[in-house]
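Read through the structure below, which is laid out as structure tokens, and then see the notes.
Quick note: the coordinates plus some simple rules give every number you see, no bench work behind them. Small disclaimer: the values here were computed from a predicted structure and weren't measured. Cβ coordinates were reconstructed from backbone atoms using ideal geometry, including for glycine residues, and neighbour counts include every protein chain displayed.
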Amino acid sequence: QPPRSCEDYWGEWKHCRGLRHAFHHYYAHGELPDCGRWREDYEACRAWERNRAAAAQVPAPLLACPGLCRPGLLGQKPRSRGVWKLRKSPPPDWYLPLD
């Protein structure tokens, strides 16, 4: 049996495909979200509910990520895009006015 109900996978897929989520993901990561995994999980869940097929009983995507993670968070790139250099200490004149 899948770890979550099929409606949960459908809801996650609809959320991932939504304009607001797509805009936020593009702004944060520089690319559109990959929502195909949620759709595959939903289809595997429905196949298991329909005919309890041997291929759909233990779907690898459902067991690999039982709904606690999102596809974009697993292979996510680091947030730093190389715009700023990280400092180990403040600059020596940090207390002076900016003018």
- Query: How many nm is it between the label spots at His29 and Arg17, if each spot is 7 Å from the Cα in line with the beta carbon?
  - Reply: 1.8 nm
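At a threshold of 8 angstrom on Cα-Cα distance, excluding pairs fewer than six apart, so keeping six or more, what relative contact order does region 6-57 reach in percent?
37 percent
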